[in-house]
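Chemist: Encoded as structure tokens, here's the structure I'll be asking about.
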Amino acid sequence: MANLTNWPDIASYVTNRHDTYPAIDPTKADLAGKSVFITGASKGCGRATAIAFARAGCTRIAVAARSNLDDVVAAVKAAARDPSAQMQVVAVTVDVTSRESMEAAAAVVSEAFGGVVDAVIANAGYLEAWAAMHEADPVDWWTSWEVNVNGVYLTAKYFVPMLLKSETRLFVAVSSIGAHLIRKKASSYHLNKFAIIRFIEYMQVEYADEGIVAVSVHPGVVKTDLALKMPGYMHELLTDTPELFADSMVWLADKRREWLGGRFVNACWDLGELESKKDDVAARDLFKFRMTV
């Protein structure tokens, strides 16, 4: 079956990477005094991101997940650039699909961080069992939307007020290469990751005057528990490291990049090379969903 999209052209816009590299080395960033909130932080890309922010000197790190976060908190503290710094690591047990849970999480983080969050990484995700539409479990199919779309919306709803009080004002929602593919038996995940990209475009327009930089990101093809739910024949494609995504998040947070606002970013792109082409990105208004005629 043909791919039906232009993903190969998108993926090859700049050089591809599969592991971290000097241009995004978190030890070169300076996030001292900054704060971040990360969902889906108990393992995989979310855990790696929390550690990367610690290595970048970030002193206020909030991690959220449904499962226990004790080992993540310990790993983040161990990764601190300056062990003598007054680092705050806040762990919140949260269900991103629950309004009450997200509202409570925001209250905890707001109290801990003085009502300000500089960067929000909406990383929590779900992948349903692959099946044809008529064979899929309706609850499983819709749970993917609840986590991947409603979870991002609720994260935005309760954390945007804190972002608006910061200088960085970065909001990242994890999308996927799946948004650019049309393959049998992956209808829920591919469609909801498509919706996330449009959500970010909309969010950027809605908050452009307030200075938010909203970005959707493909995290790479990483061997996470979520990715391993794909059919076995696809597991050989899982060659990217969690650190590639994590260090890319630090790169996004290290300084404001308004030219990326409302756009899709592939964490596998060489981001230094991407920045060298920012004029082309802006001039052609690239990496947004549009129909062609």
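No lab work stands behind these numbers, since they all come straight from the coordinates. Keep in mind it's a predicted model, so treat the numbers as computed, not measured. Heads up, the Cβs are rebuilt from the backbone with ideal geometry, glycines too, and the neighbour counts pull from every protein chain shown.
Chemist: For the pair Tyr233/Gln88, report the inter-label distance in nm, with labels modelled 7 Å from Cα in the Cβ direction.
Modeler: 5.1 nm
Chemist: Further question on the same structure: Under the Kirkwood approximation for Rh and a Cα-based Rg, what ratio Rg/Rh is obtained for the chain? Before the final figure, lay out each step's value.
Modeler: On the way: Rg = 18.0 Å, Rh = 19.1 Å.
Reported Rg/Rh (Cα atoms, Kirkwood Rh): 0.94.
Chemist: Within the chain, what is the longest stretch that has no GluC sites (Glu not before Pro) placed in a DSSP loop and near at most 12 other beta-carbon atoms within 10 Å? Please report the intermediate quantities before stating the final value.
Modeler: Numbers: sites that count: Glu135, Glu167.
That would be 1-134.
Chemist: Run the helix sum for the chain: -39,500 (n - 2.57) per DSSP H stretch of 4+ residues, divided by residue count, reported at 222 nm to the nearest 500 deg cm²/dmol. Walk me through the numbers on the way to the answer.
Modeler: Details: 10 runs with 107 residues, N = 293.
Computed mean residue ellipticity for the chain: -11000 deg cm²/dmol.
Chemist: Still on this structure, please answer the following. Listing Tyr126, Tyr153 from the residue with the fewest other Cβ atoms within 10 Å to the one with the most, what is the order? Before the final figure, lay out each step's value.
Modeler: Numbers: Tyr126 20, Tyr153 17.
So the ranking, lowest neighbour count to highest, is Tyr153, Tyr126.
Chemist: Mean Kyte-Doolittle hydropathy of -0.5 or higher plus an axial Cα length of 27 Å or more: which whole DSSP H helices in the chain meet both? Can you show the working numbers first?
Modeler: Numbers: long enough: 187-207 (30 Å, -0.01).
Taking the DSSP H segments of the chain (at least 27 Å long, mean hydropathy at least -0.5), we get 187-207.
Chemist: Roughly what would the spin-label model give for Lys157 and Glu206, points 7 Å off Cα along C-beta, in nm?
Modeler: Distance between label points: 1.0 nm.
Chemist: I've got another one for you. What percent antiparallel are the DSSP beta bridges of the chain, to the nearest 5? Could you put the intermediate results ahead of the total?
Modeler: Numbers: 1 of 29 bridges.
In the chain, approximately 5 percent of DSSP beta bridges are antiparallel ones.
Chemist: For a quick check: sort Ser110, Ser35 by the number of other beta carbons within 10 angstrom, fewest at the front.
Modeler: Numbers: Ser110 18, Ser35 26.
By the 10 Å Cβ count, ascending: Ser110, Ser35.
Chemist: Dividing the alpha-carbon radius of gyration of region 168-257 by 2.2 N^0.38 Å (N being the number of residues), what value is obtained? If you can, show how the numbers build up before the last one.
Modeler: Working: Rg = 14.7 Å, N = 90, 2.2 N^0.38 = 12.2 Å.
In units of the globular-protein estimate, region 168-257 measures up at 1.21.
Chemist: Treating the beta-carbon of each Lys and Arg as +1 and of each Asp and Glu as -1, no other charges, what is the dipole magnitude of the chain about its Cα centre, to the nearest 20 debye?
Modeler: Numbers: 30 positive and 35 negative charges, 32 e Å.
Using only the charged Cβ atoms, the result is roughly 160 debye.
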